Amino acid sequence: MAKTHVTMKVNGAEVEGLVEPRTLLVHFIRENLQLTGTHIGCETTHCGACTVDIDGMSVKSCTMFAVQAQGSDITTIEGMANADGTLSALQEGFRMMHGLQCGFCTPGMIVRAHRLLKENPSPSEPEIRMGISGNICRCTGYQNIVKAIQYASAKINGVEFQEAAE
Amino acid sequence: MNDLTPTREQRTAALEGMGCKRKRVEDIRFTQGRGNYVDDVKLPGMLHGDFVRSPHPHARVKKIDDSAALKVPGVLAVITAETLKTVNLAWMPTLAGDVQMVLADGKVLFQNQEVAFVVATDRYAADDGINAVIVEYEPLPPLVDPFKAMNADSPVLREDLVGKMSGAHGPRKHDNHIFEWTVGDKELTDAAFNKAEVKIKELISYHRTHPSPLETCQCVCSFDKIKGELTIYGTFQAPHVIRTVVALIAKLPEHKIHVIAPDIGGGFGNKVGAYPGYICAAVASIVTGKPVKWVEDRIENLTATSFARDYHMTTEIAATKEGKVTGLRVHVLADHGAFDACADPSKWPAGFFNIVTGSYDFPTAHLAVDGVYTNKAPGGVAYRCSFRVTEAAYCIERAMDILAQKLNMDPAELRLKNFIKPEQFPYHSALGWEYDSGDYHTAMRKMMEATGYAALRKEQAEKRAAFARGETRDIMGLGISFFTEIVGAGPSKNCDILGIAMFDSCEIRMHPTGAGIARVGSKSQGQGHETTWAQIIATEIGIPADNIMVEEGNTDTAPYGLGTYGSRSTPVAGAAIAMAARKIKAKAQMIAAYKLEVHEDDLEFDIDGFRVRGLQEKFMSMKDICWAAYNSVPPGMEPGLEAVSYYDPPNMTYPFGAYLCVMDIDVDTGVYKVRRFYALDDCGTRINPMIIEGQVHGGLTEAFAIAMGQEIRYDEVGNVVTGSFMDFFMPTAVETPHWETDFTVTPSPHHPIGAKGVGESPNVGGVPAFSNAVNDAFSFLGATHIQMPHDFWRNWKAAKDLGAVA
């Protein structure tokens with residue numbers, strides 16, 4: 001199949017590649033760019049493991065063609081850490097609050113939560129739950145993911161995080 | 001001592017040992033997208049394989065034409081059963097003593113069965129190839145209803161077994177019959193029923209569902225022709241077992257098979273068995289001389305690899321008028337699909353279903369399980385439960401509620417009246433188990449107090465009165481579950497897989513500078529073993545957990561272990577870890593005695609080193625002992641500090657718990673709301689409370705999914721109608737309730753550190769709590785038992801059938 005040349009910015013770096021028109025963005029990211037932190041869990045846009053941030057929106061990269069991302073600015077989980085290489089507030093929150101177990105949904109969950117906190121820096125618990133409802137986790141039951149996002153929200157806003165009593 | 005000398009508390013805290021909410025070491029890589037899962041494995045020249053699957057549930061395969069497929073750019077090979085026959089791999093043995101087609105051999109027996117394997121340069125080309133393979137089928141009548149499997153006029157599914165009236169587990173009664181398994185004293189049980197004052201009988205079904213970890217099953221197989229070695233990267237919960245299975249069926253020398261299970265994206269029982277994809281990828285690698293990757297998509301995962309449950313349990317309890325149980329009789333019709341591919345210990349065709357007497361002192365019981373074939377996917381895996389324990393717990397917990405209803409007695413009171421008493425442990429159950437320990441009354445009362453159970457019942461009575469007066473359309477249910485699990489398979493006297501005893505193992509090597517590596521036969525799929533195993537060692541030998549690296553999943557380096565499923569890691573591997581650590585400690589004590597110039601018996605272990613009894617200043621830290629082990633051991637002692645332990649447990653462990661679900665249901669819409677869910681777990685000694693709570697949250701969420709909607713459903717002609725996350729209920733953060741966790745601690749008397757295992761308890765105990773809540777809500781309207789899953793529509797239908805909705 002004839003290939004198309006695509007260029008985009010991924011985690012701050014200009015990248016390019018030759019892809020078939022039908023190549024899914026997630027495959028371009030994982031196979032061509034070898035950024036394997038973005039995962040595939042369902043291929044039907046239900047689970048959110050493939051979530052990346054494109055031009056300021058959370059996008060499930062398993063149902064978008066690589067050619068559709070031409071010229072866009074993408075951030076994947078590999079671009080989430082702080083500039084100095086330390087864990088971001090969200091990454092730290094997931095670890096501190098035990099917001100992950102097998103780790104397979106985690107990249108998509110963190111990338112989505114990153115955008116959620118940009119949209120709403122101090123979300124309530126229901127807002128967090130609705131905000132991550134496009135991402136499925138099979139391990140944690142979400143409760144600690146909610147706490148992880150609250151932890152990050154507090155840290156970003158410079159306030160003390162208070163864990164809600166069970 | 002000066003002010004800088006750490007206190008005992010500080011020294012203990014520095015170890016981050018058992019009981020500590022240690023943050024997980026795995027998370028550093030997982031939160032940065034640096035995990036290494038199977039699909040991340042990329043080898044030079046790697047090809048991709050994918051399946052042509054059957055659209056029919058039951059059909060003869062007349063012809064497979066691959067000529068067009070082989071012309072598709074990128075397609076290199078199409079493997080069929082005929083190809084596999086040349087290497088004697090068209091069929092493979094299952095862990096349950098049956099055989100299973102790897103690729104359709106003359107017939108297909110379930111929809112989406114593997115028919116041919118297309119090998120291509122990339123996954124897109126493989127898909128193109130699949131579309132170009134032309135398969136000619138002759139449809140046959142499907143058998144979908146397990147209750148019709150043994151009818152005289154039912155179609156015979158397994159032509160390979162026709163006339164074989166005996167299987168791996170004894171006589172077969174019909175060509176579609178797999179086994180009958182009976183346990184208990186039939187005569188005594190019949191007698192108990194004959195003189196019973198009160199009896200209940202109900203068909204309690206536990207529907208077919210699926211573990212569906214977020215990462216599907218996948219592998220990369222790479223055969224090196226020059227060396228004659230096969231390397232398999234795979235999503236394996238039991239890597240060593242896979243190596244042995246491959247050695248046995250592919251006739252390769254076992255030392256030339258390297259099985260590597262890297263990071264695994266959840267397992268929940270889905271990744272225990274061997275699937276056609278593994279065999280085909282291995283054969284494809286041998287045929288093409290290139291590494292071959294096989295990655296299941298979600299539809300394939302849901303419809304072809306490993307369903308769970310599908311048990312239809314006719315349950316009877318005999319009791320006195322006062323509510324003392326006198327007998328239990330259960331008959332199970334088990335729908336195994338097209339092949340019996342249960343991943344149970346070999347001698348247990350229905351797993352440990354004979355834990356069905358639960359937490360209650362039944363003087364007698366009898367159990368019979370009939371396994372049958374149908375035109376459905378094979379499996380029967382333990383979806384986050386010890387083998388068939390979830391089915392058993394659901395069966396008895398639902399039945400106890402039905403009995404309470406019949407006796408007009410509070411279900412909590414009925415349970416308290418019939419619990420095995422603390423002084424009865426070790427308790428020998430009527431169906432053959434020896435329960436190691438428990439204190440059920442304390443746990444139950446703690447639950448009732450913590451939830452305000454009496455007040456909730458009062459509120460329910462008021463709500464019911466208000467409903468009767470037409471003031472509300474909401475009904476309220478209280479779902480109690482008091483489960484006893486049986487985990488930690490298992491003792492070699494009764495547990496093996498393909499003849500290999502179900503021990504587990506650990507090897508610890510301490511390095512000169514006081515750091516070390518522990519290799520373990522278990523395999524984490526998210527349980528956090530890299531964190532918790534180090535905590536056990538930290539407490540045992542006094543080296544900080546941060547200085548212990550834990551490695552699992554590589555069969556070349558890890559000692560042989562039976563893997564992680566059935567909550568066996570902590571009961572079995574956890575014990576092996578403690579025992580290996582104690583060997584290290586014993587040698588360390590000899591070294592310390594030599595260095596401190598005292599007799600070994602004059603030393604006592606003190607947090608992080610050995611101290612001469614009564615001489616505060618004569619102390620040698622474990623760190624210093626590690627160094628000494630490499631330069632100044634006692635004369636005659638071998639240098640080094642390492643140990644291996646293979647642990648054959650003397651008994652299973654029996655975690656238990658008391659759960660309560662408070663639910664409100666709107667009868668007009670069937671919409672339910674879980675108002676409160678309280679889970680008290682007793683898993684014995686707690687290694688890492690943070691991880692335990694996380695396990696409980698996750699298990700409860702899976703239980704919630706199963707009880708309230710998650711189902712693998714077939715229509716009447718054998719089409720699977722729940723093949724994606726659109727149709728197969730996957731709760732999101734919005735639907736998932738808030739979980740309250742609590743605990744009691746009753747250590748296992750036979751486990752080195754007293755731990756019992758917890759990962760599966762919440763799934764086992766959660767399902768009956770949800771279902772009992774729904775049934776309890778509807779009970780005052782006349783319902784006795786409403787089948788799961790309790791989705792909105794079924795709730796509305798129940799209300800309608802009971803006359804509560806016009």
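Laboratory data are not the source of any read-out in this text; all were calculated from the coordinates shown. Values in this document were obtained by computation on a predicted structure and should not be read as measured data. All Cβ positions, glycine included, derive from the backbone under ideal geometry; neighbour counts span all protein chains shown.
Within 10 Å of the Cβ of each residue in B:255-264, the mean number of Cβ atoms contributed by other protein chains is 1.
Placing one equal scatterer on every Cα of the stretch A:89-156 and applying the Debye formula, the log10 ratio I(q)/I(0) at q = 0.27 Å⁻¹ is -1.30. Beyond 12 Å, the tail of the calculated P(r) for the stretch B:7-55 holds 79 percent of the Cα pairs. The stretch B:13-39 and the stretch B:610-652 have their alpha-carbon centroids 27 Å apart. Long hydrophobic helices in chain A, taken as whole DSSP H segments with a C-alpha length of 15 Å or more on their own axis and mean Kyte-Doolittle hydropathy at least -1.0: A:106-119, A:143-156.
In sequence order, the stretch B:356-365 has phi-based couplings of 5, 6, x, 8, 10, 8, 7, x, 8, 7 Hz under the Karplus curve 6.51 cos²θ - 1.76 cosθ + 1.60, θ = phi - 60°, and Gly or Pro positions carry x.
Couplings for the stretch B:466-478, taken from phi via the Karplus curve 6.51 cos²θ - 1.76 cosθ + 1.60 with θ = phi - 60°, read 5, 4, 4, 7, x, 8, 9, 10, 8, 10, 10, x, 10 Hz in order; Gly and Pro are left as x.
The alpha-carbon of B:Lys446 sits under 15 angstrom from the alpha-carbons of these aspartates and glutamates, leaving out residues fewer than 8 places away in its chain: B:Glu413, B:Asp681, B:Asp682, B:Glu740, B:Asp742.
Rounded to the nearest Hz, the phi-derived 3J(HN,Hα) couplings of the stretch B:219-227 under the Karplus curve 6.51 cos²θ - 1.76 cosθ + 1.60 (θ = phi - 60°) are 7, 10, 10, 9, 9, 9, 5, 5, 8, where x marks glycine and proline. Sequence-distant contacts, meaning Cα pairs under 8 Å at least 6 residues apart, place the relative contact order of chain B at 15 percent. With Cα atoms defining each centre, the stretch A:4-23 and the stretch B:46-77 are spaced 32 Å apart in the structure.
The relative contact order of the stretch B:357-468, computed from alpha carbon pairs under 8 Å that lie at least 6 residues apart in sequence, is 28 percent.
Taking a ≥ b ≥ c as the square roots of the eigenvalues of the alpha carbon gyration tensor, chain B is oblate, as a/c is not under 1.5 and a/b does not beat b/c.
What's the Cα-based Rg to Rh of the protein assembly as shown, Rh via Kirkwood? Rg divided by Rh gives 0.97. In terms of the mean number of neighbouring beta-carbon atoms within 10 Å, the peptides B:454-463, B:323-332 order highest first as B:323-332, B:454-463. For chain A, the relative contact order is 22 percent, taking Cα pairs closer than 8 Å that sit 6 or more residues apart in sequence and dividing their mean separation by the residue count.
Take the cross-link list B:Lys523/B:Lys583; A:Lys9/B:Lys42; B:Lys347/B:Lys797; B:Lys63/B:Lys251; B:Lys186/B:Lys800; B:Lys107/B:Lys800 and give me the ones stretching past 32 Å between alpha-carbons. With Cα atoms farther than 32 Å apart: B:Lys347/B:Lys797; B:Lys186/B:Lys800; B:Lys107/B:Lys800. This ranking places B:Arg519, B:Arg309, B:Arg29 by how few other beta-carbon atoms lie within 10 Å of each, fewest first, which gives B:Arg29, B:Arg519, B:Arg309. Entry note, chain B: the mean residue ellipticity at 222 nm calculated from DSSP H runs of n ≥ 4, each adding -39500 (n - 2.57), is -8500 deg cm²/dmol after division by the residues and rounding to the nearest 500. Panel note: the C-alpha atoms of the stretch B:271-337, placed on their principal axes, show extents of 72, 21, 17 Å (largest first). Counting Cβ atoms of other protein chains within 10 Å of each Cβ in B:210-216 and taking the mean gives 6.
The distance from the alpha carbon centre of the stretch B:764-806 to that of the stretch B:292-353 is 22 Å, rounded to a whole number. In chain A the Cα-Cα distances spread across 5 Å bins starting at 0 as 2, 9, 18, 22, 19, 13, 9, 5, 2, 1, 0, 0 percent of all pairs. Peptide packing: for A:149-160, B:670-681, B:752-763, the average count of neighbouring Cβ atoms within 10 Å per residue gives the ranking B:752-763, B:670-681, A:149-160, highest mean first.
The listed peptides B:128-140, B:788-800, ordered by packing as a protection proxy, come out as B:788-800, B:128-140 (highest mean of other Cβ atoms within 10 Å first).
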